[in-house]
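Enquirer: Sending over a structure as structure tokens; questions will come in a sec.
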Amino acid sequence: MDRRHFLRTGLAGLSLPALVACGSDESNTGNTANPGNPGNPVTPSETVDQMLNPAGAFPWGVSSGDPTAEAVILWTALSPRNTNIDQIPVMLEYVLLEEPLADMTEWNSKFQEGPINRLGEFTAFRDRDYTVKVDLGNQALYSNSRFMQGQIPELTGNQALLYRFVAGSQKSRIGHAKTLPSGEVESVKFATLSCSNYPAGLFSVYEMVRREPLDFVVHLGDYLYEGGGGGTELSRNGVARTPNPQKEMVTREDYVLRHQQYKADPELQALHATHPMIAVWDDHEITNDAYKDGAENHQPEEGDYQERKATAIRTYYNWMPLRERFPRDENTLAPDPREVIYRDFQVGDLCSLIMLDTRIVGRDKQAEIMAVDPDRFNPDRQLLGFEQRRWLSDRMFEAKQRNSIWTVLGQQVMFGQLNILEAPQVELLDQKLLGNLVSINMDQWDGYVAERNRVFNLIKDIGIENLVVLTGDIHTSWAIELYENPIALIGGNQLQRSLGVEIVTPSVTSSGFPDEVADLVSTLLPLLNPHIKYSELKTKGFALIEMQREQMNVTWKYAQSITDESLIGVENEAMRKSFTVQRGSNRFDGALPINIPIPSSPF
């Protein structure tokens, strides 16, 4: 049996680290702080160098993600000399820090000061696009692994570190990562991002976020786009923003090339090197307006949709710093069907972060008729699906039991109602009727009214007190208070209790409302949407969130430009918008109250 066959079949039943770790049957030798002279020497550099692209082995940089209080995923991808090479060995080097160090200019000196810890070898497989993940700190996951150098360290909460990968004589750029805080946590700070269409603009927003002192970044989807056009008038460092390939991505090669193009962007690569990312997909990572059985942007001539979806998901897992919990399929290395993207994270006693999939795993097809389709009230229609909804109920109950101060749902599409016409809600035979009568977007929760009501019921039944919903997808900024029937607020009625708040982040580059109508729409929105306390519908940016024990501070920050290279990373400070949410209030402090008089009855 050749070595490659053994690594693909003999390790197929093991979890992610075994698939990428080059294990040894010998006892582990060497030390994480001083590897010494290991009994099983690593592959000679000159041998590895023959496998690597001499122009650069690490063109896609490094990234970290899915941090916990004990571990963090470290990721890279290698560029081979040619694609006939089955596997490439790679080492990890890292330096533990006493405190986070976001300033890139200091990273090299800190790495030189050491002590440098070495760990490996790991293996970059052709069948995984030559990508590598290390779950640093996860000792239980590696309990049966033997490394030629070093051993998996024990990490603690709020542990910062620098890291790089080494293949032969080539080294990757240095990355900075951090585990989540643990215990009694006073504050946590993170940014939310969404919708970064490469040809639509420069990633100025990513550079703004990179400069922020953060615990982590939450990416709410549309990390990349499937389309093949646009970008011809823009360039970065002389490289045109035209998609690669210059066609809609459908095949495995298409998806890999597009991920590689995004990872080569200097601003996105620097962001990944600076902050851990917690990411979920939306639709464009696969194709537009996707659902579990199809997509608006999938035609019969593009092949079987389920195969396309599986290809996109496999590529996404390869190229993103996600923790994988199940073994890959033995023959295809496709993710196990149980490898769902919804998952949760705990930030000490301060915050339970629950990341959802409102796009792929449980979504029924969108209602057919825009605005008025009665099918959106169908109680059988689902957005989360039964399994995910049960999982959500369990996670929310656990958050309540552990007394997490804030419960946060990270998800893709707008949760709060966006009304054109609303009536007072009534309940008949356990079904809620009327309410949100005419809506704009059937792709968001407005198109799945019964599913939203089921989530509202969970919030009330479990007794979640400080709910925060994080949303992307819509390319615009919104601050929304969550009510079951917000029409009751019109006329100044403040008796209805808000069940939480929703923070909708603007896009990184994707287009919002046309400039000539955006301000007018923002002005008119509150007339039938008194729960919407803020909207900005045209400018690119991100939402910055700082959670403290007694309040949450939310600030929308906007880029000066996404087309001018000289303004990359420059904020339009005049547009900055901030609110505070006090613990227990579920309301945005600083928002203007909506007090629209109700006309008297003519009868």
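The values are calculated or read from the model by the stated rules, or taken from the named source; none is laboratory data. It should be emphasised that the depicted structure is a prediction, and the values quoted were computed from it without experimental measurement. With ideal geometry, Cβ positions are generated from the backbone for all residues, glycine too; neighbour counts draw on all protein chains shown. Areas reflect the complete protein model, heavy atoms only, side chains present, ligands, DNA and RNA absent. Shrake-Rupley method; radii C 1.70, N 1.55, O 1.52, S 1.80 Å.
Enquirer: Residue under question is D380, and the condition is that it be open to solvent by less than 50 Å² (accessible area, probe 1.4 Å), over 30 Å from D127 (Cβ atoms) and out of contact with any helix residue (DSSP H, G or I) (no Cβ under 7 Å at 6 or more places or on another chain); does it hold?
Expert: Taking the combined requirement at face value, the residue does not satisfy it.
Enquirer: Pairs needed: first member in segment 123-134, farther than 15 Å from N331 by Cα; second member anywhere, among the aromatic types (F, W, Y) and open to solvent by less than 10 Å² (accessible area, probe 1.4 Å); C-beta distance under 6 Å; at least 6 residues apart or different chains.
Expert: As it stands, the answer is V132/F122; K133/W75, since those pairs meet every condition given.
Enquirer: Can you say whether K178 is modelled with pLDDT of 95 or more, within 15 Å of L74 (Cα to Cα), open to solvent by less than 10 Å² (accessible area, probe 1.4 Å) and touching a strand residue (DSSP E or B) at 6+ places or on another chain (Cβ under 9 Å), as far as the supplied structure shows?
Expert: The answer is yes for K178.
Conditions (1) within 19 Å of the chain's Cα centre (by Cα); (2) closer than 22 Å to Q388 by Cα, marked per residue:
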| site | (1), (2) |
| --- | --- |
| E302 | no, no |
| K309 | yes, yes |
| R314 | yes, yes |
| E324 | yes, yes |
| D329 | no, no |
| D336 | no, yes |
| M355 | yes, yes |
| G362 | yes, yes |
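Enquirer: Filter segment 540-563 down to the residues that are of a type in the set (S, T, N, Q), in a loop (DSSP other than H, G, I, E, B) and farther than 14 Å from M208 by Cα and list them by number.
Expert: Scanning segment 540-563 gives a single hit, T563.
Enquirer: Would you tally the residues in segment 90-130 being open to solvent by less than 20 Å² (accessible area, probe 1.4 Å), in contact with a Gly (Cβ under 8 Å, 6 or more places away or on another chain) and at pLDDT 95 or above?
Expert: 6
Enquirer: Let me ask something additional. Need pairs with beta-carbon distance below 7 Å; first residue touching a residue at least 12 places away in the same chain (Cβ under 8 Å) and more than 18 Å from V217 (Cα to Cα) and within segment 249-274, second in a helix (DSSP H, G or I) and not hydroxyl-bearing (S, T, Y); sequence gap 6+ or separate chains.
Expert: From segment 249-274, the pairs are M249/R258; V250/E302; V250/R308; Y255/A312; H259/W319.
Enquirer: Report whether or not N197 is open to solvent by 20 Å² or more (accessible area, probe 1.4 Å), among the polar types (S, T, N, Q), under 23 Å from the mean Cα position of the chain (by Cα) and at positive phi.
Expert: Here the answer is no, as N197 does not meet what is asked.
Enquirer: So, one more: Considering segment 218-274 alone, what residues qualify as being hydroxyl-bearing (S, T, Y) and open to solvent by 10 Å² or more (accessible area, probe 1.4 Å)?
Expert: Result: Y225, T232, S235, T242, T251.
Enquirer: In the list I480, I503, which residue meets the criterion of being touching a residue at least 60 places away in the same chain (Cβ under 8 Å) and farther than 30 Å from I568 by Cβ?
Expert: Sole residue among the options that is touching a residue at least 60 places away in the same chain (Cβ under 8 Å) and farther than 30 Å from I568 by Cβ: I480.
Enquirer: Quick test for you: out of E207, E212, pick the one residue that is open to solvent by 10 Å² or more (accessible area, probe 1.4 Å), outside any loop (DSSP other than H, G, I, E, B) and in contact (Cβ under 8 Å) with a residue 12 or more places away in the chain.
Expert: The match here is E207.
Enquirer: Okay, next question. For segment 239-272, give me each residue that is part of a loop (DSSP other than H, G, I, E, B) and closer than 21 Å to A310 by Cβ.
Expert: Residues satisfying the conditions are P245, K247, E248, M249, V250, T251.
Enquirer: Separate question: Within segment 76-89, can you find the residues that are in a strand (DSSP E or B) and within 10 Å of L52 (Cβ to Cβ)?
Expert: Of everything in segment 76-89, those that are in a strand (DSSP E or B) and within 10 Å of L52 (Cβ to Cβ) turn out to be P80, I88.
Enquirer: Please report, ordered by residue number, the strands (runs of 3 or more DSSP E) entirely within segment 275-371 with at least 2 residues that are of a type outside the set (G, A, S), open to solvent by 30 Å² or more (accessible area, probe 1.4 Å) and farther than 25 Å from A264 by Cβ.
Expert: It comes to 343-347.
Enquirer: From the list A200, A279, which residue is within 25 Å of W445 (Cβ to Cβ) and modelled with pLDDT of 95 or more?
Expert: Sole residue among the options that is within 25 Å of W445 (Cβ to Cβ) and modelled with pLDDT of 95 or more: A279.
Enquirer: Hey, can you tell me all the residues within segment 564-584 that are in a loop (DSSP other than H, G, I, E, B) and either loosely packed, with under 15 Cβ neighbours inside 10 Å or modelled with pLDDT under 95 (or both)?
Expert: D564, V570, R576, G584
Enquirer: Follow-up question, since we're still on this one. So D375 passes all but one of these: (1) open to solvent by 50 Å² or more (accessible area, probe 1.4 Å); (2) touching a residue at least 40 places away in the same chain (Cβ under 8 Å); (3) not basic (K, R). Which condition number does it fail?
Expert: All conditions are met except number (2).
Enquirer: Condition first: free of Cβ contacts under 8 Å to residues at least 24 places away in the same chain, of a type outside the set (D, E, K, R) and out of contact with any Ser or Thr (no Cβ under 6 Å at 6 or more places or on another chain). Now tell me which residues in segment 519-555 satisfy that.
Expert: Correct list: L520, V521, T523, L524.
Enquirer: From the list D349, D344, which residue is touching a helix residue (DSSP H, G or I) at 6+ places or on another chain (Cβ under 9 Å) and closer than 26 Å to A191 by Cα?
Expert: Every option except D344 fails the conditions.
Enquirer: Quick check on this structure: which one of E186, E154 is in contact with a Gly (Cβ under 8 Å, 6 or more places away or on another chain) and open to solvent by 30 Å² or more (accessible area, probe 1.4 Å)?
Expert: Residue meeting the stated conditions: E154.
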